[in-house]
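Computed from the coordinates by the stated procedures, all read-outs in this text should not be read as laboratory data. These numbers come from a predicted model, not from an experiment. Cβ coordinates were reconstructed from backbone atoms using ideal geometry, including for glycine residues, and neighbour counts include every protein chain displayed.
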């Protein structure tokens, strides 16, 4: 530090920072300003003058650092410490009650008692999800959701959001989740200016908020005046003696106490009727706010029940989004085309005259099946009403029959589809509304099966994309899933546009994928009616008292009745699984696959094995990624902490373990290597 800096200057600087932070919070977080904007700006300018003169006094949590530095060249990728889930959607009271029934059934199944089932309802802000990390109370990183596992580092832009504290009111380590959003009035302000300049206007606040966060120049982001609401704590080191939150509503209170801006309209409801009343209230009031909503989020209030319910393969069981009615528009049906899925099912798709709906331009809509086309009475050239719920492909709601012309003829369902292979024959499945290809080996169908097999939800072969798979199939280098694991580098180098590095990358991805969990394996097999969620449910059921290898044997031998006993598996799905595992070709496929892969245990049991136990991880484990190991602990009722204390139950240490290992030795905490850690689960 510069010796010329007097203690009076340092004292003045620290007091300025504290005062500016106080009034920032009063204005941007609590909506209770005590001084004018001009007075606030004057304090900030004084701080900046001191820091310009004494740059060594600048800290990352200084109010002057909200907008600073040069534009960046690109966004870096960030691997999330915790999986970022998305909630399932419901659209009416009947669906909401079905969701609650699932919650109650699962609570009964896992034996939860002594806990009150109530719900914390929060407004669903139509913005962009952000994940914020703090160390010792200081903001160090912000990331977007991305694909749920990897997002983009937007720290430089989130610093410009004045409701996001650069330092917390308590010096805690934490990772929190919230929503970055733009006000309707600021959208109007920006669109007015763009119209005057002859530029196209933005469709909605969500698109503009997302675009603003992805500006390479933070000064541009700052000019957009984004705001935030924080609603979830994913990880926190609570100081000794502090209260530990037991409910979602208490967690919102803790976030507010730490200095975050939370939405003021959250409400605890005792039952779904109260939830629905809250939904109805905000359906009417949604446009009274200066930010846009697309529904409400409903979370089981008890964290204990949340922990026991856990997650499906794609979303939390303990929460759901109750979406507002979808926006509807009209457009013209130009054509109907057909897609062949990985199980041979044929899906009709409407080709539409492009139209803007719910903030985005669409040119396709799902038609589901032949019965839906007949119900709608569709004719090419019809003017149709479409609706878009969330980010999914739109639905055709109805036809504006008054706009028909005499030359429009009823649509005729085809008898042959070339993408089905063979002679293109198709057949309607007995007792269902679906049509399927007669030939089981159409190239389109095979391609989709392979695409799904290598996808991140199954074997997760990063780099082995559709174009490469198409070349491998077209050149007969693979004809069955197990063939992928027999590929050699030389096979790839013989293909067009393949160089040494790209071939090495594919081989490495295949090698890494040889270790797979049972749910992922089941999902990858393209069993009709079985997706990611059902695969997890089946694996969890048979893996409750068995290793993953034993569980697979149990699945192969199970009766239809046993499959039907699994919550969420009906008669049709049970028959499909039962039949698949008894087919001779499928047995051969599975046998060949097991020659190349190793089934690794994923904790699919929901129990209290480690209830009351706290684990700390340090260093790099030989095979397990830290996030995977942490999830294993949590799924068994244990807690994971970032710091070691005398109350820590286990420290799991890998290569290059740091000071946490030394502390564990000092406190006499049990230390485990990876193999000892895994042994606890069996």
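For this structure, a couple of remarks:
- If the segment from residue 92 to residue 277 were pulled out straight at 0.36 nm per residue, it would be longer than the present Cα-Cα gap by 65.4 nm.
- Judged by the gyration tensor of its Cα atoms, with axes a ≥ b ≥ c, region 318-472 is oblate; a/c meets the 1.5 cut and b/c is at least as large as a/b.
- Principal-axis analysis of the Cα atoms of the chain puts helix 571-580 at an angle of about 70° to the longest axis.
- Cα centroid separation - region 505-531 against region 350-381, whole Å: 34 Å
- Report note on the peptides 251-262, 184-195: ranked by the mean count of other C-beta atoms within 10 Å, highest first, their order is 251-262, 184-195.
- Averaged over residues, the count of other Cβ atoms within 10 Å places the peptides 276-283, 574-581 in the sequence 574-581, 276-283, highest first.
- R0 of 51 Å, Cβ-Cβ distance residue 191-residue 83: FRET efficiency to nearest 0.05: 0.90
- Spin-label pair residue 257/residue 598, simplified geometry with 7 Å Cα→Cβ offset, distance in nm: 4.6 nm
- Mean Cα-pair separation over length for the chain, i.e. relative contact order, pairs under 8 Å, 6 or more apart, %: 9 percent
- In terms of its alpha-carbon gyration tensor, region 443-513 comes out oblate; a/c meets the 1.5 threshold, while b/c is at least as large as a/b.
- Structure-derived Rg/Rh (Cα atoms, Kirkwood Rh): which label, when the choices are (i) 1.02; (ii) 0.96; (iii) 0.98: (iii)
- Computed extension gain for residue 673 through residue 375, at 0.36 nm per residue and net of the alpha carbon distance, reaches 101.1 nm.
- Values of log10 I(q)/I(0), in the order q = 0.12 Å⁻¹, for region 7-66 under a Debye, Cα-only, solvent-free model: -0.28
- Residues in region 433-469 reached by a label modelled at residue 479 [backbone nitrogen below 19 Å; 7 Å Cα→Cβ]: 439-451, 469
- From the alpha carbon centroid of region 641-676 to that of region 260-280 is 41 Å.
- With Cα atoms defining each centre, region 68-144 and region 183-221 are spaced 26 Å apart in the structure.
- Region 614-679 pair-distance distribution - Cα-Cα, 10 Å bins, rounded %: 23, 61, 16
- Distance between the 7 Å Cα→Cβ label points at residue 405 and residue 56: 8.1 nm.
- Near-label residues of region 49-66 by backbone N, under 20 Å of a point 7 Å along Cα→Cβ of residue 14: 49-65
- Burial ranking of peptide ranges 142-155, 50-63, 542-555 (average Cβ count within 10 Å, highest at the top): 142-155, 542-555, 50-63
- Counting only DSSP H runs of at least 4 residues, each contributing -39500 (n - 2.57), and dividing by the residue count of the chain, the helix-based mean residue ellipticity at 222 nm comes to -10500 deg cm²/dmol.
- Cα gyration tensor shape of region 88-323, rounded if a/c is under 1.5, else prolate or oblate by comparing a/b with b/c: oblate
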